[in-house]
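Undergrad: Quick one: this structure, given as structure tokens, is what I'll be asking you about.
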Amino acid sequence: MKLPIRPWLMALAGVAAVLVLALILWATPDDVPSNNNGGADTISKNAGAVAADAKEPAEAALKQAIHLYFIDADGRHLVAETRTVMRPADAAAFGRQIVLTLLEGPRGQKGRSLPEETDLRAFYLDGDGTAYVDFGDAVSRHHPGGVTLERLSIYSLVNSLVLNSDRIKAVRILIEGRAADTLAGHIDLQRSFNANMLIIK
């Protein structure tokens, strides 16, 4: 003999089914990434924000104080002048930046160490730490001459490079892409030059 199903039991079962369905829909998050790389896009955007934030200290670290060496008032020694430049990560690019800044000349009561007409044709750095600085011939044609000034010109360049870069150990001076005999008739350029601290005042 089957028991009759009361109408209120059927209504209760229907309400329970609706509640279960509502709970399932409510528990499913709206931001679950789909298979169209939605999640990857979110990660990429976040990574980009981190990289942008990381650029600020990196750029600040590229600024560096350097000491350039110019001729003092008595014309017999070199004296340092501090400049702040942007330091590229590449050692050769940094060396080129030092030379170009030196060619701008002093800002104080010091003498130029290289003629104003001097132009930098090229700058190379080999694996042994020797920098090759290639000038146009104006560096010789416009040099005032004299063994003392010639010596100061050479070591102004050499000291400015070697004492500011831990990658540069020595300097070779070229003129028009070739190893010239001298800069202004006195000092042999057929060799590499190391820093000379005794010439600094």
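Undergrad: Search the range 185-201 for residues that are surrounded by 12 or more Cβ atoms within 10 Å (Cβ to Cβ) and in a strand (DSSP E or B) and pair each with any residue that is at pLDDT 95 or above and of a type in the set (D, E, K, R) when their beta-carbon atoms are under 9 Å apart and the residues are at least 6 apart or on different chains.
TA: Within 9 Å, the pairs are Phe193/Arg172.
Undergrad: Could you tell me which of the residues Asp90, Asp137, Asp74 is without any contact (Cβ under 8 Å) to a residue 24 or more places away in the chain, closer than 27 Å to Gly185 by Cα and of a type outside the set (A, V, I, L, M)? Even if it seems obvious, please write down each step before you answer.
TA: On the way: Asp90 fails: closer than 27 Å to Gly185 by Cα; Asp137 fails: without any contact (Cβ under 8 Å) to a residue 24 or more places away in the chain.
Criteria check complete, one pass: Asp74.
Undergrad: Can you tell me which condition Gly95 does not meet? The list is (1) farther than 19 Å from Ile168 by Cα; (2) within 23 Å of the chain's Cα centre (by Cα); (3) not in a loop (DSSP other than H, G, I, E, B), and all the others hold.
TA: Exception for Gly95: condition (1).
Undergrad: Oh, and also: Here is a list: Thr118, Thr148. Which entry is among the β-branched types (Val, Ile, Thr) and part of a loop (DSSP other than H, G, I, E, B)?
TA: Working: Thr148 fails: part of a loop (DSSP other than H, G, I, E, B).
That would be Thr118, the only listed residue that is among the β-branched types (Val, Ile, Thr) and part of a loop (DSSP other than H, G, I, E, B).
Undergrad: Answer yes or no as to whether Tyr132 is part of a strand (DSSP E or B), out of contact with any Leu (no Cβ under 8 Å at 6 or more places or on another chain) and under 23 Å from Glu104 (Cα atoms). Please lay out each step first, then the result.
TA: On the way: part of a strand (DSSP E or B): yes; out of contact with any Leu (no Cβ under 8 Å at 6 or more places or on another chain): no; under 23 Å from Glu104 (Cα atoms): yes.
So Tyr132 does not fit the description; no.
Undergrad: Determine if the range 172-195 includes at least one residue that is on the phi > 0 side of the Ramachandran plot and within 32 Å of the chain's Cα centre (by Cα). Reasoning before the result, please.
TA: Restricting attention to the range 172-195, the residues satisfying the condition of being on the phi > 0 side of the Ramachandran plot are 176-177, 185.
Then drop every residue that is not within 32 Å of the chain's Cα centre (by Cα), which leaves 176-177.
Yes, the range 172-195 contains a residue that is on the phi > 0 side of the Ramachandran plot and within 32 Å of the chain's Cα centre (by Cα).
Undergrad: Within the range 127-160, count every residue that is acidic (Asp, Glu), open to solvent by less than 50 Å² (accessible area, probe 1.4 Å) and under 30 Å from the mean Cα position of the chain (by Cα). Working first, answer last.
TA: Of the range 127-160, the ones acidic (Asp, Glu) are 128, 134, 137, 150.
With the extra rule that they be open to solvent by less than 50 Å² (accessible area, probe 1.4 Å), the set shrinks to 134, 150.
Next cut, under 30 Å from the mean Cα position of the chain (by Cα) only: 134.
Result for the range 127-160: 1.
Undergrad: Out of Leu114, Leu120, Leu102, which single residue is in contact with a helix residue (DSSP H, G or I) (Cβ under 7 Å, 6 or more places away or on another chain), surrounded by fewer than 17 Cβ atoms within 10 Å (Cβ to Cβ) and closer than 23 Å to Thr148 by Cα?
TA: On the way: Leu114 fails: surrounded by fewer than 17 Cβ atoms within 10 Å (Cβ to Cβ); Leu102 fails: surrounded by fewer than 17 Cβ atoms within 10 Å (Cβ to Cβ).
That would be Leu120, the only listed residue that is in contact with a helix residue (DSSP H, G or I) (Cβ under 7 Å, 6 or more places away or on another chain), surrounded by fewer than 17 Cβ atoms within 10 Å (Cβ to Cβ) and closer than 23 Å to Thr148 by Cα.
Undergrad: Something else now. Do you know which of the residues in the range 161-183 that are under 16 Å from Leu125 (Cβ atoms) and assigned to a strand (DSSP E or B) is most open to solvent (accessible area, probe 1.4 Å)?
TA: Residue satisfying both the conditions and the ranking: Arg172.
Undergrad: Of everything in the range 81-97, what is open to solvent by less than 50 Å² (accessible area, probe 1.4 Å) and farther than 21 Å from Asp134 by Cα? Give them in sequence order. So that I can check it myself, show each step before the final result.
TA: The first filter runs over the range 81-97 and keeps only residues open to solvent by less than 50 Å² (accessible area, probe 1.4 Å), leaving 81, 83, 85, 88, 91-95.
If the condition is that a residue be open to solvent by less than 50 Å² (accessible area, probe 1.4 Å) and farther than 21 Å from Asp134 by Cα, then Glu81, Arg83, Val85 are the ones that fit.
The values are calculated or read from the model by the stated rules, or taken from the named source; none is laboratory data. On a predicted model such as this, the values are computed, not experimentally measured, just so you know. A quick note on method: Cβ atoms are made from the backbone with ideal geometry, for glycine too, and the neighbour counts reach across all protein chains shown. Remember, those area values only see protein heavy atoms, side chains included, never the ligands or the DNA or RNA. Shrake-Rupley method; radii C 1.70, N 1.55, O 1.52, S 1.80 Å.
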